[in-house]
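Since every read-out is calculated from the coordinates, none of them should be taken as a lab result. Worth saying up front: this structure is predicted, and the values here are computed from it rather than measured. Glycine also receives a Cβ, built like all others from the backbone with ideal geometry; neighbour counts cover every protein chain displayed.
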Amino acid sequence: MKARKNMFGILVGTYLALLGVIFSVNWGFALDYPTKPIEVIVPYAPGGGADLAARIFVSKLPEFIGQPVVVVNKPGGGSVLGALYVAKAKPDGYTLLAPSQSSVILSPITKGDIGYKPDDFEPICNFDDTPDVLTVKSDAPWKTLNDFIAEAKRSPGKLTFSSSGTFTTTHIPVELLASKAGIKLTHIPSSGSGPAAIALLGGHVQMCSSTLPSQLPHIRAGSIRPLAVTTLRRIKELPDTPTLIELGYNIKMIVWHGLFAPKGTSKQIIDKVYSSVKTMYDRNKQEIDSKLEKMGSAPNVIGPKEFADLLKEEYDASLAVYKLLGKTDK
């Protein structure tokens, strides 16, 4: 009997010792990250919205995460090359991705087999949101979006609109609007947000769907009139412009910029990076908000779970539009 008790005691002691080793290894792992510089890959050329947002948030991050954080631009393939580089990287927290949805949502839907899928990334956090604005020329006869829709019903397919390109975040909401309103519009894609606004100013289209930064100077100058924004709530820069949701169309689409890790990155690392970004933002809020406002964006720092929910909702909406446009290979 005594021998059995001794054996039981030895087994219990060994078990507890093993648990201690396991927990100390896991806890030590969480505390040890990071031990070397972190690369943040921006899959676009320098100077764009994703690049600027990443640099705004990353510039002060070393102080809070304890290691240098370096932004590296890897453009190419319509933002696919940089995203693929991160998707194939070791999931150790030292190679992260700072894209917009074009890389991780739209390209996997529209470009076929590109080497990665949306779930090949772990969402860490969102940085900011850039709204899309539907506009017409200031001398156009349509004072409201309802006026424009009424005209489109009278003349199916006659009215045209520009966007930053086919199946972009500026194209999708108008196709959704046309479907929900029962109208037909003709899409004239441009090579970017700026050219889309220029197409409207030049009278080549009747409406423009483009990002706020590309249109705000023209709105302020009085050359174009905003009809609606695609955000959940009205935006500070255009307080008198209604949202599509207010007008009865359940459509929300923003250009976001965020941070991702390769699939398989541990929760400890994800949480460490997010908490560092959040603390950094909270302590530098006024400065960061001011920089974002100058580029026409609004801060929206949300964590992994909320960001993942947003991504799922947006993927489903984008896929629905893809099928609406006659694409049935998904």
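Observations, loosely collected:
- Helix-only CD estimate at 222 nm, as mean residue ellipticity for the chain, using -39500 (n - 2.57) per DSSP H run (n ≥ 4): -13500 deg cm²/dmol
- Cut-off under 5 Å, modelled amide H: who pairs with T170 long-range: S164
- Between the listed residues N250, C208, I235, the Cα displaced farthest toward the positive end of the dipole of the range 178-278, a dipole computed from Cβ unit charges relative to the Cα centre, is found at N250.
- Entries of K252/K305; K88/K252; K184/K263; K111/K153; K111/K137 with Cα pairs more than 29 Å apart: K88/K252; K184/K263; K111/K153; K111/K137
- Compared with the direct C-alpha span, the chain from D271 to A221 gains 13.6 nm at full extension, assuming 0.36 nm per residue.
- Multiplying the residue separation of K153 and K294 by 0.36 nm and subtracting their alpha-carbon distance yields 47.0 nm.
- Of all DSSP beta bridges in the chain, antiparallel share, percent nearest 5: 60 percent
- Cα gyration tensor, the range 238-315 - rounded (a/c under 1.5), prolate or oblate: oblate
- The H on the amide N of W256, modeled in the peptide plane, is under 5 Å from the matching H of Q101, T130, each at least 5 residues off or on a different chain.
- Hydrodynamic estimate: the Kirkwood radius of the range 180-330 over Cα pairs, inserted into Stokes-Einstein at 4 °C and 1.567 mPa s, corresponds to D of 71 µm²/s.
- Shape class for the range 93-143: oblate, because the ratio a/c of the largest to smallest gyration tensor axis (alpha-carbon atoms, square roots of eigenvalues) is 1.5 or more and b/c is at least a/b.
- Three-way shape call for the range 38-104 based on the alpha-carbon gyration tensor, with the a/c threshold at 1.5: oblate
- Total charge dipole magnitude, the chain, about the Cα centre, Cβ charges on Lys, Arg, Asp, Glu only, Debye to nearest 20: 540 debye
- Using alpha-carbon coordinates, inclination of helix 304-324 to the longest axis of the chain, degrees: 40 degrees
- Residues with amide H under 5 Å from that of I251, placed H, sequence gap 5 or more: I245
- Backbone HN-Hα couplings from phi across the range 171-185 [Karplus 6.51/-1.76/1.60, Hz, Gly and Pro as x]: 7, 4, x, 6, 5, 5, 4, 4, 5, 6, 8, x, 10, 10, 10
- The range 123-172 and the range 56-82 have Cα centres lying 32 Å from one another.
- Length added when fully stretched, K88-D139, from 0.36 nm per residue minus Cα-Cα: 13.2 nm
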